[in-house]
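See below for the structure under consideration.
The values are calculated or read from the model by the stated rules, or taken from the named source; none is laboratory data. Model, not experiment: these values are computed from the prediction. Please note: Cβ atoms are built from the backbone with ideal geometry, for glycine as well, and neighbour counts cover all protein chains shown. The area values use the complete protein model at the heavy-atom level, side chains included, leaving out ligands, DNA and RNA. Shrake-Rupley method; radii C 1.70, N 1.55, O 1.52, S 1.80 Å.
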Amino acid sequence: MRQSFLRFVRTLHITRVLVRYRLDEVIYFLPLLKPYQAILRLSPMSLLGPRPQGTFAERLREALETLGPTFIKLGQMLSTRRDLLPEHITQELAKLQDAVPPFPSQIARQIIETALNAPLNTLFSRFEEQPAAAASIAQVHFGQLLDGREVAIKVRRPGLQRVIEQDLAILALLADLAERYSQEGRRLRVRAVVAEYAKTIQGELDLLREAANASQLRRNFAAEQDLLYVPEIYWDYCAPPVLVMERIYGIPIGQRDTLRKAGIDFDQLSRRAAEIFFRQVFRDAYFHADMHPGNIFIDPRNGSFIAVDFGIMGSLDDASQHYLAENMVAFFRRDYRRVAEAHVEAGWVPPDTNIQDFETAIRAIAEPVFEKPLHEISVANLLLRLFQTTRAFQMQTQPQLLLLQKTLVNVEGIARDFNPALNIWEVATPLLTEWLSRQRGPQGWWSELKRQFPQWGLVLPELPVLLHGILRQAQQGELPLVVRNDDIEGIRRELRHGLRRLTFSVGGTFIMVGLGIIATLEHRLDADLLGLPVWFWLTALPIVLWIGASWTRAVFFRND
């Protein structure tokens, strides 16, 4: 009850912000939300509040910043979805700022001491009171461990988890309504997208999970620290609201003049950005999904990348990884039929899609792009146009690819910023070709065999007995055949539900009829009805009802 009340209060606050920035005009176009429209129109702020300045896109960005971290992060994610939103809106959402005023250092001290169950002076020899950075999720203080190691201490904002959980519950409800009442909502798989987003932001709240992410990425690049350096995590000082890691000293990637004075090779920097991305995606299937300039530094000693903030990480399953590589290589070779077939094989478009029509549509978007010099081709824009085209072929949104698309936009932007003439295909193609060859060739077969061998060792001794049992059942005509279909199961559930309601309705009708008879005859149970006394009917009808209900349950509900 308390949670429902808090959620209701939060919904009122969201409504107030919508009205304040005059974003309620969007809701007036949605018939589903007519009751909500009435509430907005009657709001005193809607009638008396000042008209906000700026375009719709600017007001949307300001409203999201006002609503806090859940909506800021949502807006940042939507800023990469130019296949769904107009470009002027995505450009404005890309300006969303995650910087907020810091909370008092005394509260940060209390959070650290409570989480680590020790006084601060027994953990750190120095703790800088002034935060080095503050964002909507956490803030960072610099300090020093007792053994002299310099550290960065990340502390989660107090009271944040409750608000985010309320916001996610509201978003889940809206997503459910969108899929239930909108065909476009079902195609876009809004519930899956919101669920993926919820998983992402909840991962950011748990700083232990972020520490694990950083540790995994550091291990993946342990032999290539001159390419990407990931700070060390000090696990003894980590808890869900606190993360302590090695302090890094680097130049923010956005400070071009400082990088130039340090003698950094910009061409090498751009190539390394692309190489780091493709290695993460196709070698490790695990990538840093928040690689905007604020999270990337450059080591002035060797020009290597240094990454921070590991709250958002992406991963790909084997199928998505394979088909993504297939698509990119096929695009580069202009094999559009293979691109269309890969989409169908991956299940990204319906299996009855006309391959020839799909191939023609893909050719129409790709050929104008490939007429440009290779260094002018944007992989991110090409994928964007592909997503826009596949909407006409009912391509379902793939939540596992959303973070990848966002990361690719960021990485390509960084790479092209330092070298506009960079041919990103030149960097990507050898890596993709090598990966596909490794997956398909003898090396891939041998790796898969070694991976599966321990499981085979457990199963092989049981195979003769299982095979003998199956053959005996088949010989005796006792081999069971079970066919399961989700649609049929749904129909059966609806049928059971309907039959139950019918049984209860009939039972209720009998009871009402019996009561009506008694009332009509004024309790004269010895009176005749159709040649038989009333008491006979009042006794027989419940018995017949019970027999009928038992028979119905035995026939239709025997598996319940």
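Summary table
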quantity: Shape call, the stretch 105-247: gyration tensor on alpha carbons, a/c limit 1.5; calculated: oblate
quantity: Amide proton proximity set for residue 157, modelled H, under 5 Å, gap of 5+; calculated: 138, 139
quantity: Carbon and sulfur %, accessible surface of the stretch 148-218 computed with the full protein complex present, 1.4 Å; calculated: 52 percent
quantity: Segment residue 110-residue 222, length gained on full extension (0.36 nm per residue, minus Cα span); calculated: 36.8 nm
quantity: Cα gyration tensor shape for the stretch 270-356, rounded if a/c is under 1.5, else prolate or oblate; calculated: prolate
quantity: Label-zone membership for the stretch 60-74, site residue 100, 7 angstrom Cα→C-beta point, backbone N under 13 Å; calculated: 64-74
quantity: Residue 229 long-range amide H proximity, modeled H, under 5 Å; calculated: 305, 306, 307
quantity: Carbon and sulfur %, accessible surface of the stretch 285-377 computed with the full protein complex present, 1.4 Å; calculated: 50 percent
quantity: Between the stretch 89-145 and the stretch 327-350, the alpha-carbon center distance in angstrom; calculated: 46 Å
quantity: Inter-centroid distance (Cα atoms) of the stretch 208-244 relative to the stretch 146-167, Å; calculated: 16 Å
quantity: Cα shape, the stretch 216-335, gyration tensor, a/c 1.5 rule; calculated: oblate
quantity: Residue 125 long-range amide H proximity, modeled H, under 5 Å; calculated: 144, 145, 146
quantity: Sites residue 346 and residue 285 - FRET efficiency at Förster radius 22 Å, r taken between beta-carbons, to 0.05; calculated: 0.90
quantity: Area accessible to solvent at residue 348, 1.4 Å probe radius, in Å²; calculated: 10 Å²
quantity: Rounded FRET efficiency, nearest 0.05, which uses the C-beta distance separating residue 172 from residue 337 and R0 of 56 Å; calculated: 0.90
